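Student: Once you've had a glance at the structure underneath, I'll fire off some questions.
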Number of protein chains: 2
Amino acid sequence: MGITERKEREREEMRQLILEEALKLFLTNGFDKVSIRNIADKIEYSPATIYLYFKDKNELLFALHQRGFAKMVAEFQPLRLLSDPFEKLVEMGRSYIRFAVENPELFDLMFIMTAPMDKLDKEDWVEGDQAFGLLMQVVQECMDAGIFQKHDVQSTSMMIWSSIHGYTALFLRKRLGMFAECDVPVIMDDAFNLFCETLRKGL
Amino acid sequence: MGITERKEREREEMRQLILEEALKLFLTNGFDKVSIRNIADKIEYSPATIYLYFKDKNELLFALHQRGFAKMVAEFQPLRLLSDPFEKLVEMGRSYIRFAVENPELFDLMFIMTAPMDKLDKEDWVEGDQAFGLLMQVVQECMDAGIFQKHDVQSTSMMIWSSIHGYTALFLRKRLGMFAECDVPVIMDDAFNLFCETLRKGL
DNA sequence: TTGTTTGCTAAACACTGTTCAGTAAGTTTG
DNA sequence: CAAACTTACTGAACAGTGTTTAGCAAACAA
């Protein structure tokens, strides 16, 4: 009686197929220019079929949201090799910004869009929690190494995260129009370096 | 021949009426739950009429975007009275965060939503430029007073702005689900204070 | 070979932003 | 004043959206 198992497997494959094609469309056309009908066309099924695998569009978006976190955490792995904790922290920030600039649509989905965050349980936060845990770990190392004074790790990590996040949020949502377009990357880099320097001296 | 003048005036009044009612709807129902038809119902005109006064929905949103900046700059005025430049800076940050929390929809429109920023000219940035100028001024004062070292004012201001912005962006878009809901305000406040302290010591 | 379950879809519902032909009132001209 | 022109407005449509539901054919179980 392997039938139920096979059906279960086929169901999961279908879910992955939908997510795969949906992600491709979203990444090339942008999230608000892709409709359920577009995705249905791509996978050569009717739009209604998608609703047999996902409660609604937001649930589909949230599934991709999780994929985004997986990709991001993967990109953070190399910097585990760095030995100096502060250098590790700086590189982590740089990676965060790089990820945002190189994967604007994914980053948007993960940290800016309202859509996928409609109503979710505690268990939906494992990915985010994991990524934040990584940061807290490095901050703790900085404190243990005497580079930072001993403050509350959670608040300190939160301070650093949101500061770095600010750059990406303003940049991705094109709120830097007061600067000449060509200056923006330079200003952002200067600001980031200044932030790191300030942390080093002041924390 | 005051007829053309009267017509001009009536046209402007109509624009303001539309904006007024649109803003009311947006602020109570949220931006993505208000349609052109809703606004048309409220002002008791046909939906098509709105398109005689605004090119499209984004132009309407951008007009409100400007109103948001006016309100924000107005809320910044009181802190001009403070004499200590660093205190002024801290209070400015606090005001920014308070404005975001108390006017989430407006703040969203001003700094997070993509819709109103479709394609705009240099001249559309006067409000944003003005607000950023205010910040640069205070940062300059801090440097002149010897509280901060003399770095590039623009980069330093940008660093401070985006750091503060980060809190609001993550909070408003509900990306702090890894913390217990009741802890969030405390953590945010701790993080903000730590940031100010770090600036004071490290910049 | 029945009866039941499953997977899927066509069609509809209630929306959305936007356009355009047509109308009725206001304004200008003869 | 009457005719011509201008302006402000609207009803209806277009092309799209997310989502639901009734029904159908194939796969499975008895």
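The values are calculated or read from the model by the stated rules, or taken from the named source; none is laboratory data. Since we're looking at a predicted model, the values are computed, not measured. Virtual Cβ from ideal backbone geometry, glycine too; neighbours counted across all protein chains shown.
Student: Within the group B:Asp108, B:Asp121, B:Asp144, which residue is of a type in the set (D, E, K, R) and buried (at least 19 other Cβ atoms within 10 Å of the Cβ)?
Tutor: None of the other options fit; the residue is B:Asp108.
Student: Please specify each residue of region A:96-105 satisfying the condition of being surrounded by fewer than 16 Cβ atoms within 10 Å (Cβ to Cβ) and not charged (D, E, K, R).
Tutor: A:Val101
Student: B:Val126: buried (at least 18 other Cβ atoms within 10 Å of the Cβ), within 14 Å of chain A (Cβ to nearest Cβ), over 26 Å from A:Phe31 (Cβ atoms) and β-branched (Val, Ile, Thr), yes or no?
Tutor: No; evaluated as a whole, the condition is false for this residue.
Student: For the structure I just gave you, tell me whether B:Ala100 is over 30 Å from B:Leu199 (Cβ atoms) and either in a helix (DSSP H, G or I) or of a type in the set (A, V, I, L, M) (or both).
Tutor: Considered against the rule, which asks whether it is over 30 Å from B:Leu199 (Cβ atoms) and either in a helix (DSSP H, G or I) or of a type in the set (A, V, I, L, M) (or both), B:Ala100 comes out as no.
Student: Condition first: of a type outside the set (A, V, I, L, M) and within 20 Å of the chain's Cα centre (by Cα). Now tell me which residues in region B:6-58 satisfy that.
Tutor: Hits for region B:6-58 are B:Gln16, B:Glu20, B:Glu21, B:Lys24, B:Phe26, B:Thr28, B:Asn29, B:Gly30, B:Phe31, B:Asp32, B:Lys57, B:Asn58.
Student: Output yes when any residue across region A:135-146 is modelled with pLDDT of 95 or more, in contact with a Cys (Cβ under 9 Å, 6 or more places away or on another chain) and farther than 17 Å from B:Ile164 by Cβ, and no when none is.
Tutor: no
Student: Mind checking which helices (runs of 4 or more DSSP H) fall wholly inside region A:1-97 and carry at least 1 residues that are within 11 Å of DNA strand D (Cβ to nearest atom), within 30 Å of A:Phe148 (Cβ to Cβ) and touching a helix residue (DSSP H, G or I) at 6+ places or on another chain (Cβ under 8 Å)?
Tutor: Answer list for region A:1-97: none.
Student: Still on this model: Being within 11 Å of DNA strand C (Cβ to nearest atom), of a type in the set (A, V, I, L, M) and within 14 Å of chain A (Cβ to nearest Cβ) is the filter here, so list the residues in region B:40-80 that pass it.
Tutor: Answer for region B:40-80, where residues must be within 11 Å of DNA strand C (Cβ to nearest atom), of a type in the set (A, V, I, L, M) and within 14 Å of chain A (Cβ to nearest Cβ): just B:Leu61.
Student: Now for a separate question. Yes or no: B:Pro116 more than 8 Å from every other protein chain (Cβ to nearest Cβ), over 22 Å from A:Ser163 (Cβ atoms) and not in a loop (DSSP other than H, G, I, E, B)?
Tutor: Yes; evaluated as a whole, the condition is true for this residue.
Student: To continue, here is another question. Any chance you could count how many residues in region B:177-199 are surrounded by fewer than 23 Cβ atoms within 10 Å (Cβ to Cβ), facing chain A (nearest Cβ under 9 Å) and in contact (Cβ under 8 Å) with a residue 12 or more places away in the chain?
Tutor: The total comes to 2.
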